[in-house]
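The values are calculated or read from the model by the stated rules, or taken from the named source; none is laboratory data. Bear in mind that the values here come from a model prediction, so they are computed numbers and not experimental data. We place every Cβ from the backbone using ideal geometry, glycine too, and count neighbours over all the protein chains shown. The accessibility values were calculated without ligands, DNA or RNA, using every heavy atom of the protein model including side chains. Shrake-Rupley method; radii C 1.70, N 1.55, O 1.52, S 1.80 Å.
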Amino acid sequence: MNRLNISWVVGVLALLVGGCVKETRPLPILQATQATTEIPADQLLDVGVHIFEPGVPKEVEDDPDLADKTRIYPEIRRAEARYIAMQLRDTLEDTGHWGTARVVPASVDSFDLTVDGRIVESNGAHLKLQVTARDATGKVWFAKREYEGRADTRAYKDGYNNGRDPFENVYVAIANDLLAARNQLPAAELAKVRRVSELRFAADFAPVAFSQYLQKNPKTGAYKVLRLPADDDVLLQRIKQIRERDYGMIDTVSENYAAFSERLEEPYTSWRRYTYDEIIAEEKLKAQARNRMVLGAAAVAAAVLVPDSCSTNNCQRVTNAARYGAVAGGVAAVVSGYRKREEAKIHTESLKEISGSFQSEAAPLVVDVEGRTLRLTGTAEEQYAEWRRLLHELYREETGLVPTAPAADATTPAAQSSGAG
């Protein structure tokens, strides 16, 4: 019995060696389904990818220490909300299945198809998003569908320059699901979506003139076309011109978002790579610390509980030596565990420093539109509201029309203060 206990103690001490991290196999490179034939113009839906919700809990927003603990850094999440939306837009646009894909704030809903998203989890190792897609008629294609994936670590290697995002497979999965949902709609339904989108935009600028063409179900949010304006309607032609200008302005905004993403790409990729390394290292150290402390304590307990069954002095000396050796080894393992835990804290502090350096990259944007210089500051919502306000201002100057009623279903400050009758 004595020999068995001593052997068990020795075996426990042997297990105190730190565990190894399994190597991650390279992820398969998924590709979004590409268009192989030309799609008719009246079936090409323009897509508005809304800025994603950052997914920052209020308690994290108010508590920097909790932000460090959860690795949810509010400023980084807000930057990611724009960056991820831009990555998804690029993926959609490259397929050739859609009209023009643009990144816009959540308050803008005059597109043929809008995509909303929320960041559930985002770090260098893992990305999890929640996505909803809804067309201009109010039809929900899918709601709060979750997409997640681990990082393709090839993107973190020096010299890997194919430009693929480490979480590109997540964006590909979303793009393929959107295409599958679109393919379920007949051509006539796709044309209807585009018509409703146009009328909703017109009602935003001239609510009195165009609200008679659409009816919105207050319960479901679905839009129904009551009748269509004449093709030669003068106001409709002006609205179409305004919409083309709006597209041009949104393209300018999207270009600035793209520039913002390009400027962030290098520091953000570095941040994610280092974060990935920190997460893996921290998890390894925590596992080692936990194992060493638990097994070390078990070794101490086992050594203390070794029964005294020797009848000779020599046997007693051997037993005592084994017991004291096991206790010393167990205590050393516990101390080593605490040291590993302190090393993990150092990695956590490193995460905080990396995050702080990344936050400094998110600077305001200055743009020029038809000789007007506009400095975009604040959130993406506030920046785009300025664009919409300027567009309404230009519309009033061109038409001489003044606001007479709030735009139907308006949600932006610009839309609420403009319109024509």
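Placing +1 on the Cβ of every Lys and Arg and -1 on the Cβ of every Asp and Glu, with no other charges, gives the range 211-258 a dipole of roughly 420 debye about its Cα centre. Normalising the Debye intensity of the range 173-213 to I(0), with uniform scatterers on Cα atoms only, and taking log10 at q = 0.19 Å⁻¹ returns -0.65. The length gained on full extension between E244 and E148, counted as 0.36 nm times the residue separation minus their Cα-Cα distance, comes to 30.9 nm. In the range 99-205, taking the dipole from charged Cβ atoms about the Cα centre, the farthest positive-side position among W141, L129, G99 is held by W141. Converting the Cα gyration tensor eigenvalues of the range 108-220 into ellipsoid dimensions via √(5λ) gives semi-axes, longest first, of 36, 14, 14 Å.
Stretching T373 away from E265 to a fully extended chain increases their span by 36.3 nm, per 0.36 nm per residue minus the current alpha-carbon distance.
The residues of the range 194-274 expose, per residue, 50 Å² of accessible area to a 1.4 Å probe. Placing +1 on the Cβ of every Lys and Arg and -1 on the Cβ of every Asp and Glu, with nothing else charged, gives the range 70-118 a dipole about its Cα centre of roughly 300 debye. Ranked from largest, the principal axis spans of the Cα set of the range 171-250 equal 42, 32, 23 Å.
E75 sits with roughly 90 Å² accessible to a 1.4 Å probe, with DNA, RNA and ligands left out of the calculation. Taking the charge dipole of the range 27-76 about its Cα centre, with +1 at Lys and Arg Cβ atoms and -1 at Asp and Glu Cβ atoms, the residue from I29, P54, A41 reaching farthest to the positive side is I29.
Once the Cβ-Cβ distance between R118 and A258 is put in as r, and R0 is 30 Å, what FRET efficiency do you end up with, to the nearest 0.05?
Values: r = 22 Å, r/R0 = 0.74.
For R118 and A258, the calculated efficiency is 0.85.
Write down the accessible area per residue of the range 113-176 in Å², having rolled a 1.4 Å probe over the full set of protein chains. Don't jump to the answer; show the numbers that get you there.
On the way: 2530 Å² over 64 residues.
With all protein chains present, the range 113-176 gives 40 Å² per residue.
Magnitude of the charge dipole for the range 32-80, about its Cα centre and with charges confined to Cβ atoms of Lys, Arg (+1) and Asp, Glu (-1), is about 140 debye. When its C-alpha radius of gyration is set against 2.2 N^0.38 Å (N residues), the range 49-193 gives a value of 1.12. For E382 and D42, a Förster radius of 25 Å and the Cβ-Cβ distance give a FRET efficiency of 0.10, rounded to the nearest 0.05.
Want the number for N183 to Q34: 0.36 nm per residue separation, take away the alpha-carbon distance, what's left?
Details: separation 149, 0.36 × 149 = 53.64 nm, distance 1.33 nm.
Stretched out fully, the N183 to Q34 stretch lengthens by 52.3 nm.
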